[in-house]
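Values in this text are rule-based calculations from the coordinates and carry no lab data. None of these values were measured; they are calculated from a predicted model. Methodologically, a virtual Cβ is constructed for each residue, glycine included, from the backbone with ideal geometry; neighbour enumeration extends over all protein chains shown.
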Amino acid sequence: MATVTRAHLTEAVYEEVGLSRNESAELVESVFGEIGKSLESGETVKISSFGSFYVREKGERVGRNPKTGDEVPILPRRVLVFRPSHVLKERINRSLSPKSGE
Amino acid sequence: MVKSELIARLAEQNPHLYQRDIERIVSTIFEEVSRALARGDRVELRGFGAYSVKRRAARQARNPRTGEAVHVAEKHVPFFKTGKELRQRLNGQIPPQS
């Protein structure tokens with residue numbers, strides 16, 4: 001199993017559009033930077049045929065230190081949820097689980 | 001924010017680029033991530049998050065309405081884990097980006 005990184009995305013952008021590698025890298029950075037900024041402000045981000053990102057507000061709850069069994073409060077916090085689109089899910093299944101219905 | 005709004009924001013920050021090129025850049029990025037996941041690869045974007053694919057084994061399930069047993073085939077689902085930096089940003093532990 002290989003791992004794709006920013007460098008691979010930069011290379012793909014570089015090959016697709018006639019920009020320098022440096023500028024391609026900056027654009028890749030900007031795309032994820034803008035998505036991050038939008039999410040920080042609590043806004044949902046939807047990328048058609050890929051998926052959507054949204055922020056969920058979690059209330060305080062009581063947790064437990066699994067080692068000592070002590071009760072500790074888990075403070076309210078915001079978590080990011082990614083919901084893949086049907087297009088992406090189907091594409092992955094078609095190539096990795098070709099026998100499944102989806 | 002939807003994809004077209006993302007493209008508009010990037011176009012505003014990059015007045016020297018054609019909007020058409022920005023559209024291609026954004027599409028290329030998500031296409032590369034999708035393609036990697038379809039191969040079963042991981043995509044790791046430090047600070048933002050990591051995408052991976054999880055395998056769900058075939059199982060016997062039940063139609064909750066009829067109680068009938070049904071076979072659910074093996075499937076693969078995309079999974080996203082938020083990066084440390086973005087998670088902290090969402091909780092105001094790192095000052096917002098300019």
* GluC sites (Glu not before Pro) lying in DSSP loop within the stretch B:2-98, provided at most 10 other Cβ fall within 10 Å -> B:68
* If one takes the longest principal axis of the Cα atoms in chain A, at what angle in degrees, from 0 to 90 and to the nearest 10, does the Cα axis of helix A:21-40 lie? -> 30 degrees
* Cα extents of chain B along the three principal axes, largest first (Å) -> 60, 36, 28
* Asked: Expressed as a rounded percentage, what relative contact order does chain A have, with Cα pairs under 8 Å and six or more residues apart?
  -> 18 percent
* To do: Project the alpha carbons of the stretch B:42-98 onto their principal axes and report the range along each, largest first, in whole Å.
  => 55, 25, 13
* Structure fact -> In degrees rounded to 10, the 0-90 angle between helix B:19-38 Cα long axis and the longest Cα principal axis of chain B is 30 degrees
* To do: For peptide B:45-56, compute the average count of partner chain beta-carbon atoms within 10 Å of each residue's beta-carbon.
  => 4
* To do: Using only Cα atoms, tell me the angle between helix A:86-96 and the longest principal axis of chain A; keep it within 0 to 90° and round to the nearest 10.
  => 80 degrees
* Please state the Cα pair-distance histogram of the protein assembly as shown with 10 angstrom bins from zero: what percent is in each bin? -> 8, 28, 31, 21, 9, 2, 0
* **Scattering curve values for chain A, log₁₀ I(q)/I(0), Debye with Cα scatterers, q = 0.13, 0.15, 0.24 Å⁻¹** => -0.78, -0.92, -1.18
